[in-house]
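Everything below concerns the one structure shown next.
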Amino acid sequence: MTKQFPQALSIAGSDSGGGAGMQADLKTIQQRHVFAATVLVAITAQNTLGVQQALPLSAAMIDAQFASVAADLEIKACKTGMLADVDQVTAVVRNLKKYDLGPLTVDPVMIAKGGAPLLSEAAVATVRDLLLPLATLATPNLPEAEKLTGATIHTEADMAQAAKALQQIGVKNVIIKGGHFNDNAESNDFVLLEDGSNFWLTSPRIDTINTHGTGDTLSACITAELAKGTPMAEAIRIGKAFVEAAIQDGIVVGHGHGPLNHWA
Ligand code: PLP
């Protein structure tokens with residue numbers, strides 16, 4: 001028997017190594033029993049050791065992919081990942097305004113763990129001023145939240161303040177991922193919801209180098225849940241639990257920062 005499936009869209013860059021980016025999104029969305037479509041924004045030649053090359057796609061090609069997907073599929077939620085540069089961010093914003101693709105999760109990816117830039121310096125302001133106001137949810141880590149708000153984040157009170165600042169930019173719901181506080185035994189994420197309520201997501205810090213694609217996996221899992229109609233707070237909790245299990249029950253792939261276990 002055939003059945004109507006919830007459909008989600010990943011707007012992101014490709015990771016040839018399979019652990020992060022578009023590939024992590026596809027594996028995660030599939031695992032949540034949601035159909036995944038894609039708008040590819042950039043191609044990277046990459047493995048667990050780092051990013052060897054990156055090629056942003058043209059605005060015209062980005063427009064064409066959005067047009068093809070929107071003309072045929074019924075996308076219920078979407079997310080952005082690596083957006084490369086000003087031209088690509090501008091094209092993505094134009095298309096997000098043109099088509100109804102459901103709630104938008106913005107993972108404001110800037111720098112890969114190995115240090116490679118995934119968003120140009122010039123495009124940070126474009127993301128802040130044009131993309132974030134469209135976001136139903138944004139999922140910055142601490143360095144990304146600092147860049148987007150101009151604030152310095154040293155404490156958990158600073159995290160809460162930065163989340164408020166992001167709401168003032170126009171983001172409806174915010175998760176600030178606290179994983180970059182190196183000295184904490186726990187990884188605490190701060191969640192601020194549209195109605196002003198907030199909560200912390202606490203998980204033990206797991207001692208592993210296999211965390212490549214963690215942010216992509218979190219935002220993709222939440223996007224899949226939103227496509228099913230799961231309420232925001234529950235979608236966020238499911239996302240956090242999915243990532244935690246995927247890190248904890250690790251697999252060994254490659255010789256560097258390995259990927260998560262999306263089957264966990
Ligand atoms: N490569 C691509 C294409 C990505 O989109 C991302 C993250 O969004 C990464 C690499 C970074 O992966 P990580 O920093 O988890 O190693």
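Here T126 clears all of (1) surrounded by 20 or more Cβ atoms within 10 Å (Cβ to Cβ); (2) under 22 Å from F181 (Cβ atoms); (3) of a type in the set (S, T, Y) except the condition numbered (2).
Mind checking which pairs have a first residue in segment 205-222 that is without any contact (Cβ under 8 Å) to a residue 24 or more places away in the chain and a second that is near the ligand (Cβ under 8 Å from one of its atoms), Cβ under 9 Å, 6 or more apart or different chains? Note: no pairs meet the criteria. When segment 121-168 is examined, which residues are found to be of a type in the set (G, A, S) and not in a helix (DSSP H, G or I)? Passing the criteria: A135, A138, G150, A151. For the condition away from the ligand (no atom under 16 Å from the Cβ) and more than 16 Å from the chain's Cα centre (by Cα), R128 does not qualify.
Taking the conditions (1) over 28 Å from D15 (Cβ atoms); (2) under 15 Å from the mean Cα position of the chain (by Cα); (3) of a type outside the set (D, E, K, R) in turn, T214 satisfies each one other than (1). Restricting attention to segment 234-250, the residues that are surrounded by 15 or more Cβ atoms within 10 Å (Cβ to Cβ) and farther than 21 Å from A36 by Cβ total 4.
Which of the residues that make up segment 169-220 are more than 13 Å from the ligand (Cβ to nearest atom), buried (at least 21 other Cβ atoms within 10 Å of the Cβ) and part of a loop (DSSP other than H, G, I, E, B)? Of everything in segment 169-220, those that are more than 13 Å from the ligand (Cβ to nearest atom), buried (at least 21 other Cβ atoms within 10 Å of the Cβ) and part of a loop (DSSP other than H, G, I, E, B) turn out to be V171, G178. As a summary of the residue check, V69 satisfies the conditions (1) within 23 Å of N261 (Cα to Cα); (2) more than 15 Å from the chain's Cα centre (by Cα) except for the one numbered (1).
When G229 is tested against (1) touching a residue at least 60 places away in the same chain (Cβ under 8 Å); (2) out of contact with any Asp or Glu (no Cβ under 9 Å at 6 or more places or on another chain); (3) surrounded by 15 or more Cβ atoms within 10 Å (Cβ to Cβ), just one condition goes unmet, and that condition is (3). Which one of these does K97 not meet: (1) more than 15 Å from S10 (Cβ to Cβ); (2) within 16 Å of the chain's Cα centre (by Cα); (3) charged (D, E, K, R)? Only one criterion is unmet by K97, namely (2). On inspection, T155 does not qualify as within 30 Å of P6 (Cβ to Cβ) and either at pLDDT below 95 or among the hydroxyl-bearing types (S, T, Y) (or both).
The values are calculated or read from the model by the stated rules, or taken from the named source; none is laboratory data. All of these numbers come straight from a predicted model, not from anything done at the bench. We place every Cβ from the backbone using ideal geometry, glycine too, and count neighbours over all the protein chains shown.
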